[in-house]
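The values are calculated or read from the model by the stated rules, or taken from the named source; none is laboratory data. Note that the coordinates shown come from a computational prediction; the quantities given were computed from them, not determined experimentally. FYI the Cβ positions are ideal-geometry reconstructions off the backbone, even for glycines, and counts take in every protein chain you see.
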Protein chains: 2
Amino acid sequence: MKKVSIKDVAKEAGVSLTTVSQVLNDKRDRFTTDTIEKVLAAKQKLGYLPNKNAQQLRGSKTKLIGVLLPNLANPFFSTMMQSMDANKESDVDLFFLTAPEEDIEAGIMHLVERGMDGLIIAQMIKNPERLNNYLTTHRIPYVVLDQSDDHGFTDIVRTHETGGGELAARHLIELGHKQLTIVQPAHLTSNMNLRMEGFKHYCQSHNVATPKVIESTLSKAGGYAAVDDIIASHSTAVFATNDEMAIGIIRGLADKGWQVPQDVSIVGFDDIDIAQYMTPALTTVAQPIETIGEVALQLIMDKLDSTLTHRDQQSIVLPSELIVRATTARANLDNS
Amino acid sequence: MKKVSIKDVAKEAGVSLTTVSQVLNDKRDRFTTDTIEKVLAAKQKLGYLPNKNAQQLRGSKTKLIGVLLPNLANPFFSTMMQSMDANKESDVDLFFLTAPEEDIEAGIMHLVERGMDGLIIAQMIKNPERLNNYLTTHRIPYVVLDQSDDHGFTDIVRTHETGGGELAARHLIELGHKQLTIVQPAHLTSNMNLRMEGFKHYCQSHNVATPKVIESTLSKAGGYAAVDDIIASHSTAVFATNDEMAIGIIRGLADKGWQVPQDVSIVGFDDIDIAQYMTPALTTVAQPIETIGEVALQLIMDKLDSTLTHRDQQSIVLPSELIVRATTARANLDNS
């Protein structure tokens, strides 16, 4: 099925392409009323729509924002995307892309070639200087957040990751836990690294042994797969890199007959929507997921606002917050 | 920040717009090597990119597919979207939109005006005939699924909803449950109506009393809010319209000191990713979520394939499957 083109309208009206184009763009001085009416009737009859992308090239104000996310399967990202969608103005369209780590740059080039006016990048970039040069050359403003590192090139929205890691460690240490384990992916993104550094640093400065580190994939399945190693570690408490991983760990422990929090305490990170509905409900360090999306969108819109001729580069740090629910309890020192 | 335009290139190279356009479109016969090199050097220096949307108007094969979803917060839809994204060819871009129920038609018109080549519609349409006329007039092929009703206008992908409802009822009745409750939204979409009709019909044909119906919003919070009514109903088993609702019900019952499945059995619908990780793990009727996304994408691509001159309208019904986990058990008739 082929869309109705301006050629179809010209043929139907029995006039030239140029005539149709000028009549539809309100440059009607040169034409008779009869010609104008023939063109408008043909447009109506065929249901012809001027393409808004083409109009955009002629200066329409609709903005296209590309959003790069690691995935939509983790509710962290789908909630963030939903938040941007709910907060956008009616003259903004969001275009999302999830690219595998090795293809992120190709994904960004694709979005730029596709005509994006600006980008919001939540994925880790391997060569941020090269990317910045590319986007600067093509005059595409962008904002980075979450997994994307801060290289000082552009606006960034972050959660206070170090503080979040510290909150998790403090909570577990105050409950009497001394043998702690971190479950994390083999390759930490910059924000996750800060999260874990905060956790380890708090342990160190409170005379608690350096946490053991167990590596697994960053997903529910990855958390589940780490359970044998967690049991073998004789730890009384686990800090998972995110809630998805924590949920997998809790399920895996239950399948081995271990009870949370009686046998092991678990702290997650993110506070995705499901966390409060789990049984036991998940203790976690909350990120303001919806606010992150809202702020990122606001920053990119400001960058696209040509009436704001100059503004300082923004580095927004949003607070993290410990939400104590039911997966943490006083250390059961018999286990260790 | 303004993007580099073809005008900038022409100015930099000291040639006309037409010259730049023709050189960049490989119509170089008329020009000297010197002119061609000046244009290419200016393009390189400024980082000019021909806009792919503009190229599309000139016959490029990149396809834009618009996807209308009720929301991304329910993992059912984010997983489906992820599946389409993972299965699309490199020459396809997906554009997603979540519109409030009363604005769906405006959302669709917006996507059409934005230049979509085809649409995948997973939302309920109030006036399908008017929509079909609109899309047919504008020659935009579309495929409907999930919440969208079947009016015989176009290809449709469905799960066997009636069969799914029957599976849930059979499972509960075989476990000895005789006092059943359905928790559902006040306004059922067409597919959810079939789901509930299948459940009720199975009860009727097996001499089990008509299930009580409790209405609440279709979300975890809605399930949670229905708990007082569920307890008051003295039912031994509940069929929730979807997993999100079931998860909210289980959490709400736990907060009232009720045990699942000892006090009440719960069956969900969808088998979203989290279902198997819940404690107790959720018994549910699985929809093949990823396959639905994959098939819908295939159908719309077929419709856009101009080499397929005619094919019959497709109505694909995918099987639903009961997944028995740990939220259902033999009826405890003491409760009733």
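Residue-level analysis places B:ARG170 outside the set of residues that are more than 21 Å from the chain's Cα centre (by Cα) and assigned to a loop (DSSP other than H, G, I, E, B). Restricting B:THR98, B:THR79, B:THR33 to residues that are of a type in the set (Ser, Thr, Tyr), modelled with pLDDT of 80 or more and not assigned by TED's automatic domain parsing to the domain that holds B:GLY118 narrows the list to B:THR33.
The single condition among (1) surrounded by fewer than 17 Cβ atoms within 10 Å (Cβ to Cβ); (2) within 13 Å of chain A (Cβ to nearest Cβ) that B:SER83 does not meet is (1). Taking the criterion of being of a type in the set (Gly, Ala, Ser) and on the phi < 0 side of the Ramachandran plot, the residues of region A:123-181 that qualify are A:SER148, A:GLY163, A:GLY164, A:GLY165, A:ALA168, A:ALA169. With respect to the stated conditions, B:ASP312 is acidic (Asp, Glu), in a loop (DSSP other than H, G, I, E, B) and without any contact (Cβ under 8 Å) to a residue 12 or more places away in the chain.
Could you say whether any residue in region A:70-80 is more than 7 Å from every other protein chain (Cβ to nearest Cβ), assigned to a strand (DSSP E or B) and within 12 Å of the chain's Cα centre (by Cα)? No, region A:70-80 contains no residue that is more than 7 Å from every other protein chain (Cβ to nearest Cβ), assigned to a strand (DSSP E or B) and within 12 Å of the chain's Cα centre (by Cα). Restricting attention to region B:124-140, the residues being within 18 Å of B:ARG158 (Cβ to Cβ), in a loop (DSSP other than H, G, I, E, B) and either free of Cβ contacts under 8 Å to residues at least 40 places away in the same chain or not hydrophobic (A, V, I, L, M, F, W, C) (or both) number 1.
Considering only residues in region A:280-306 that are surrounded by 19 or more Cβ atoms within 10 Å (Cβ to Cβ) and among the β-branched types (Val, Ile, Thr), the one that is nearest to B:LEU253 (Cα to Cα) turns out to be A:THR283.
Restricting region A:259-275 to residues that are crowded, with 17+ Cβ neighbours inside 10 Å and free of Cβ contacts under 8 Å to residues at least 60 places away in the same chain, the residue that is nearest to the other protein chains (Cβ to nearest Cβ) is A:ALA275.
In region A:62-71, is there at least one residue being at pLDDT below 85 and crowded, with 19+ Cβ neighbours inside 10 Å?
Of region A:62-71, the ones at pLDDT below 85 are A:62.
Retained after the next criterion (residues that are crowded, with 19+ Cβ neighbours inside 10 Å): none.
No; the residues of region A:62-71 include none that is at pLDDT below 85 and crowded, with 19+ Cβ neighbours inside 10 Å.
Looking at region A:12-42, which of its residues are surrounded by 14 or more Cβ atoms within 10 Å (Cβ to Cβ) and free of Cβ contacts under 8 Å to residues at least 12 places away in the same chain?
A:GLN22, A:ARG28
Return yes when B:GLU174 is surrounded by fewer than 22 Cβ atoms within 10 Å (Cβ to Cβ), under 21 Å from B:GLU321 (Cβ atoms) and either of a type in the set (Asp, Glu) or facing chain A (nearest Cβ under 9 Å) (or both) and no when it is not. So B:GLU174 passes the test. Check whether at least one residue in region B:24-45 is more than 28 Å from A:TYR142 (Cβ to Cβ) and within 14 Å of chain A (Cβ to nearest Cβ), and report yes or no. No: zero hits. A count restricted to region B:250-287 and to residues that are under 19 Å from B:GLU166 (Cβ atoms) and among the polar types (S, T, N, Q) stands at 4.
Any residue at all in region B:287-307 that is hydrophobic (A, V, I, L, M, F, W, C), closer than 30 Å to B:LEU68 by Cα and not in a helix (DSSP H, G or I)?
Keep residues of region B:287-307 that are hydrophobic (A, V, I, L, M, F, W, C), which gives B:289, B:292, B:295-297, B:299-301, B:304.
Retained after the next criterion (residues that are closer than 30 Å to B:LEU68 by Cα): B:289, B:292, B:295-297, B:299-301, B:304.
So of that shortlist, the ones also not in a helix (DSSP H, G or I) come out as none.
No, every residue in region B:287-307 fails to be hydrophobic (A, V, I, L, M, F, W, C), closer than 30 Å to B:LEU68 by Cα and not in a helix (DSSP H, G or I).
State whether the residues of region B:253-263 include one that is closer than 24 Å to B:VAL67 by Cα and assigned to a loop (DSSP other than H, G, I, E, B). Scanning region B:253-263, I find no residue that is closer than 24 Å to B:VAL67 by Cα and assigned to a loop (DSSP other than H, G, I, E, B), so the answer is no.
Taking A:VAL92 as the residue in question, decide whether it is in the same structural domain as A:ASP305 (by TED's automatic domain parsing) and at pLDDT 90 or above.
Numbers: in the same structural domain as A:ASP305 (by TED's automatic domain parsing): yes; at pLDDT 90 or above: no.
Against the criterion (in the same structural domain as A:ASP305 (by TED's automatic domain parsing) and at pLDDT 90 or above), A:VAL92 does not qualify.
A count restricted to region B:199-213 and to residues that are within 30 Å of the chain's Cα centre (by Cα) and under 21 Å from B:GLU321 (Cα atoms) stands at 5. Among the residues making up region B:91-118, a single one is in a loop (DSSP other than H, G, I, E, B), within 9 Å of chain A (Cβ to nearest Cβ) and either farther than 19 Å from B:SER306 by Cβ or among the β-branched types (Val, Ile, Thr) (or both): B:ARG114.
Residue selection: B:SER205 satisfies the criterion of being out of contact with any strand residue (DSSP E or B) (no Cβ under 9 Å at 6 or more places or on another chain) and loosely packed, with under 15 Cβ neighbours inside 10 Å. Restricting attention to region A:119-138 and to residues that are touching a helix residue (DSSP H, G or I) at 6+ places or on another chain (Cβ under 9 Å) and within 10 Å of chain B (Cβ to nearest Cβ), the residue that is surrounded by the most Cβ atoms within 10 Å (Cβ to Cβ) turns out to be A:LEU135.
Of all residues in region B:200-228, which are in contact with a Ser or Thr (Cβ under 8 Å, 6 or more places away or on another chain) and either part of a helix (DSSP H, G or I) or under 16 Å from B:PRO280 (Cβ atoms) (or both)? If the condition is that a residue be in contact with a Ser or Thr (Cβ under 8 Å, 6 or more places away or on another chain) and either part of a helix (DSSP H, G or I) or under 16 Å from B:PRO280 (Cβ atoms) (or both), then B:LYS200, B:HIS201, B:CYS203, B:GLN204, B:GLY222, B:GLY223, B:ALA225 are the ones that fit. Screening A:THR279 on (1) away from chain B (no Cβ under 14 Å); (2) touching a Ser or Thr at 6+ places or on another chain (Cβ under 8 Å); (3) among the hydroxyl-bearing types (Ser, Thr, Tyr) shows it passes everything except condition (1).
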